[in-house]
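Scroll down for the structure; my scribbles are underneath it.
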Amino acid sequence: MTPEEIRRVESATGAAVREVRSLAGGYSHATSLVELADGGRVVVRCGGEAPLVEAAVMREAARAGIPVPAVRCVLPASDGGDRAVTVLEFVEGELLGEVLEADRCAPEDAAALGAEVGSTISRIGRVSFDRPGFFDGEGLAPGAGEPWSAQLPAFARQCMARTPAERLAAEEREAWAALCARLAPALDRVDAHARLVHADANPKNILISRRSGAWQVAAVLDWEFAFSGSPYADAANMLRFERDYPAGFREGFRAGFAARPPAGLPLEADWLFLGRILDMFALSDLATRPPGHAIADRAAAAMRGWLEEGVPDRP
């Protein structure tokens, strides 16, 4: 954080900043844990393409009972070049990714944790909109656009044209674009879904805590990519790298997500397969990152696996 950003946080909170510690998270943000002189703690996110939209999404999610950090304020970017500053309440907890990587769960505990996370991700879909699309502003009105089933083939081909050759060979890029085109028509069954989608629902964006001996989701973080669409996309996002998760978690997640589908949105029998097809948008985009990008390399490995072994959860 710059001295000016610290000054703006002090003005917004009414307390002097005692310490700033950088945190991971946020594609276009710099995120910090800020200790205040009055003993309070806040999380400050500097930058972002549309912080007012993200804050509006978080407030809407909170109204629907989704655990999110409370938004204290959003200070817009200035004409002088100062980044936008979003001040969030600090939430105690551990990142789900760190708990899963440390393999700290017995199989039965992992299943219960998976079910809790799956139920929470499913609840995000409680928030509904008039139509699918990306939000035009903080009023959260989705903009018009082609249906996902029509967008996927061209989007995948464009991404493959920009994917580094050292990540995916030419024949793999061509095969991936062809697979996306072949599967895209199946999305016509979810094209009309107009529910809140987090769009980056993965273990690094889930904060969990232990209460009365059981894991609970304390907060869902980082809503900068949220849009109106199908909740199945978030489920597939969470299970994108499921082979890395401990035994029980992925089965628990599936059960938890399916147990309480959003009201008015009957669960398709092949809901996770449809989610996998929706996740092809994100996988295709990730593959375009510069060489050496660790998550992009993992995405490419998953894509290669789909080409060799078939799309997971296909009926």
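Values quoted throughout were computed directly from the atomic coordinates according to the rules given, and no laboratory measurement underlies them. Please read all numbers here as calculations on a predicted model, not as lab measurements. Don't worry about glycine lacking a Cβ; one is built from the backbone with ideal geometry, like all the others, and counts go over all protein chains shown.
So if R0 is 41 Å, what FRET efficiency would ARG211 and ALA178 give, r being the distance between their Cβ atoms, rounded to the nearest 0.05? Intermediate results must be reported in sequence, preceding the final value.
Numbers: r = 48 Å, r/R0 = 1.18.
It comes to 0.30.
Ranking request for peptides 102-111, 283-292: highest mean number of other beta-carbon atoms within 10 Å first, then the rest in descending order. Each step should come with its number before you reach the end.
Working: 102-111: 15.3, 283-292: 17.3.
In descending order of packing, they fall as 283-292, 102-111.
From the square roots a ≥ b ≥ c of the eigenvalues of the alpha-carbon gyration tensor of segment 11-82, which class results: rounded (a/c under 1.5), prolate (a/b over b/c), or oblate? Walk me through the intermediate numbers first.
Details: a/c = 1.61, a/b = 1.19, b/c = 1.36.
Judged from the Cα gyration tensor, segment 11-82 comes out oblate (a/c at least 1.5, b/c at or above a/b).
When ranked by the protection proxy of mean other Cβ atoms within 10 Å per residue, highest first, what sequence do the peptides 219-228, 90-99 form?
Details: 219-228: 22.5, 90-99: 17.1.
Result, highest mean first: 219-228, 90-99.
Which loop-located GluC sites (Glu not before Pro) does segment 123-215 contain, where loop means any DSSP state but H, G, I, E or B and the Cβ has at most 15 other Cβ atoms within 10 Å?
Working: sites: GLU138, GLU166, GLU171, GLU172, GLU174; in loops: GLU138, GLU166.
In loop regions of segment 123-215 (DSSP not H, G, I, E or B), the sparsely surrounded GluC sites (Glu not before Pro) are GLU166.
How much length is gained if the chain between GLN158 and GLU98 is pulled fully straight, taking 0.36 nm per residue apart and subtracting their Cα-Cα distance, in nm to one decimal?
Working: separation 60, 0.36 × 60 = 21.60 nm, distance 3.41 nm.
Taking 0.36 nm per residue and subtracting the Cα distance, the gain is 18.2 nm.
Quick one: net charge around THR288, please, counting Lys, Arg +1 and Asp, Glu -1 for every other residue with C-beta under 15 Å from its C-beta.
Result for the local shell: +2.
Obtain the nm distance between the two label points defined at ALA37 and LEU267 by a simple spin-label model: each point lies 7 Å from its Cα along the Cα-to-C-beta direction.
5.3
Taking one equal scatterer on every alpha-carbon of segment 163-315, how large is log10 of I(q)/I(0) by Debye at q = 0.11, 0.12, 0.15 1/Å?
Here the Debye-derived log intensity ratios amount to -0.46, -0.55, -0.86.
Using a ≥ b ≥ c from the Cα gyration tensor of segment 98-232 (square roots of the eigenvalues), is it rounded, prolate or oblate, where a/c under 1.5 gives rounded and otherwise the larger of a/b and b/c decides, a/b for prolate? Mind dumping the intermediate values first?
On the way: a/c = 2.33, a/b = 1.38, b/c = 1.69.
Oblate is the answer for segment 98-232, as a/c is 1.5 or above yet b/c matches or exceeds a/b.
Nearest 10 degrees is fine. How inclined is helix 271-286 to the longest principal axis of the chain, computing both from alpha carbons?
Roughly 70 degrees, rounded to the nearest 10.
May I ask you to derive the FRET efficiency for ARG7 and ALA62 from their Cβ-Cβ distance with R0 = 25 Å, giving the value to the nearest 0.05? Don't jump to the answer; show the numbers that get you there.
Values: r = 28 Å, r/R0 = 1.13.
With a Förster radius of 25 Å, E is 0.30.
Which FRET efficiency value, to the nearest 0.05, is calculated for ASP79 and ASP188 with the Förster distance at 41 angstrom and r the Cβ-Cβ distance?
Once the sixth-power term is evaluated, E becomes 0.35.
Along the Cα→Cβ direction, 7 angstrom out, place labels at PHE134 and LYS204. What is the inter-label distance in nm?
2.1
Taking Cα atoms, how many degrees apart are the long axis of helix 249-259 and the longest axis of the chain, rounded to 10 and kept between 0 and 90?
Result, in degrees: 90.
How much net charge surrounds SER228 when only other residues with a Cβ under 10 Å from its Cβ are counted (Lys, Arg +1; Asp, Glu -1)?
On the way: positive: ARG131, ARG195; negative: ASP130.
Around SER228, the surrounding residues sum to +1.
Evaluated at 10 °C with a viscosity of 1.306 mPa s, what Stokes-Einstein diffusion coefficient in µm²/s does the chain have when Rh comes from the Kirkwood expression over alpha-carbon pairs? Could you put the intermediate results ahead of the total?
Details: Rh = 20.5 Å.
The diffusion coefficient I find is 77 µm²/s.
Roughly speaking, what is the centre-to-centre gap between segment 1-41 and segment 129-205 when only Cα atoms are used, to the nearest Å?
One Cα centre to the other: 35 Å.
Between 0 and 90 degrees, rounded to the nearest ten: what's the tilt of helix 170-183 against the longest Cα principal axis of the chain?
90
Report the charge-dipole magnitude of the chain in Debye, nearest 20, computed about the Cα centre from +1 at each Lys and Arg Cβ and -1 at each Asp and Glu Cβ. Don't jump to the answer; show the numbers that get you there.
Numbers: 34 positive and 45 negative charges, 66 e Å.
Dipole of the chain, to the nearest 20 debye: 320 debye.
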